[in-house]
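Down below is the structure, laid out as structure tokens.
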Amino acid sequence: MHYEGDIYRPPSEAGSILLQVATGCPHNRCTFCSMYKESRFSIKDEATVMADIDFAAKNFQRQQRLFLCDGDALILPQDRLCRILLAIREKLPWVTRIGTYASTDSIKRKTDRELGELSALGLAIAYLGLETGDDVTLEHIGKNSDSAAMIAMGRKIRSAGIKLSITVILGIAQMKRSLIHARETGRVLSAIDPEYVGALSLMLTPGTRLYDDWEKGIWTLPGAREMLVELRNMLSSTELSNGYFHANHASNYLPIKAKLPEDKAATLKRIDDALSGKISLKPEYMRTL
């Protein structure tokens, strides 16, 4: 496989074939993210991508999932993306799920018909970084989107038959907007009603603007207890009709896995037990991105 730069994928795609169709991230201005700081966004040569599909056909016959890398593969021109999906269907017929990162911008660029076409060709799940439903915090972290756009584009891609996995970040709003962030995020998640929600706890990384602000003392990172209170308020404010709310990322202090709505009450009690000291939190040295 021909990989350029660092390759990233969601935790749930750990066992997937990683097909790099683009490099970097077309936005690449989020203040908390360092993943693509050293990579310039570009769409990879189609012949190289097709050669990688041929390689996967010979060497990855046990993997039933495939993930399109990198930062926002959905932004590829429709014709190019369709040819890639067709090649995957023809040469890797055992692949049952294809996933990609997405953004409000890349979803907006696709018509309803185009998204439906991608779904029909096997694109089954998209991963969207909401981070927060609080418009003030969205602007502060450089997401280039507001909550209304997140809701509209989340609903749009789900209407096309593509499942949606949304990432949110505990601690991203500091303490001064923590509860606002939690409740507004719950509001947006409820409005989109995705199949999956993944909450992770912010870990500052060198090379990001947020890390620089923290070093200067002008940005404060909430502690473990504060993030747990935030998680409780976020989950309490979230209503999903048939979805999963997970906070089992390696960065989290308390792993939770909840099917909503049926596991909500029990999960809130688990968080309360942790807050009261009945359940131990993950020590700092065990947290990782």
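The values are calculated or read from the model by the stated rules, or taken from the named source; none is laboratory data. For clarity, every value in this text was computed on a predicted model and none was experimentally measured. Here the Cβ positions follow ideal geometry from the backbone for every residue, glycine too, while neighbour counts run over all protein chains shown.
A single member of 138, 118, 164 is surrounded by 20 or more Cβ atoms within 10 Å (Cβ to Cβ) and part of a strand (DSSP E or B), and it is 164.
Of all the listed residues (262, 230), the sole one being in a helix (DSSP H, G or I) and modelled with pLDDT of 95 or more is 230. In the stretch 35-89, the qualifying residues are those that are in a loop (DSSP other than H, G, I, E, B) and of a type in the set (Ser, Thr, Tyr), and the one that is modelled with the highest pLDDT is 36. Taking the numbered list (1) assigned to a helix (DSSP H, G or I); (2) within 26 Å of residue 191 (Cβ to Cβ) in turn, residue 285 passes all entries but (2).
Residue-level analysis places residue 101 among those that are under 30 Å from residue 137 (Cβ atoms), touching a residue at least 12 places away in the same chain (Cβ under 8 Å), not aliphatic (A, V, I, L, M) and not in a helix (DSSP H, G or I).
One residue stands out in the stretch 141-161 among those that are hydrophobic (A, V, I, L, M, F, W, C) and without any contact (Cβ under 8 Å) to a residue 60 or more places away in the chain: the one that is surrounded by the fewest Cβ atoms within 10 Å (Cβ to Cβ), namely 148.
Looking only at the stretch 141-161, residues that are farther than 10 Å from residue 104 by Cα, small (Gly, Ala, Ser) and outside any helix (DSSP H, G or I) come to 3 in all.
The residue that is surrounded by the fewest Cβ atoms within 10 Å (Cβ to Cβ), counting only those in the stretch 39-98 that are basic (Lys, Arg) and within 23 Å of residue 110 (Cβ to Cβ), is 89.
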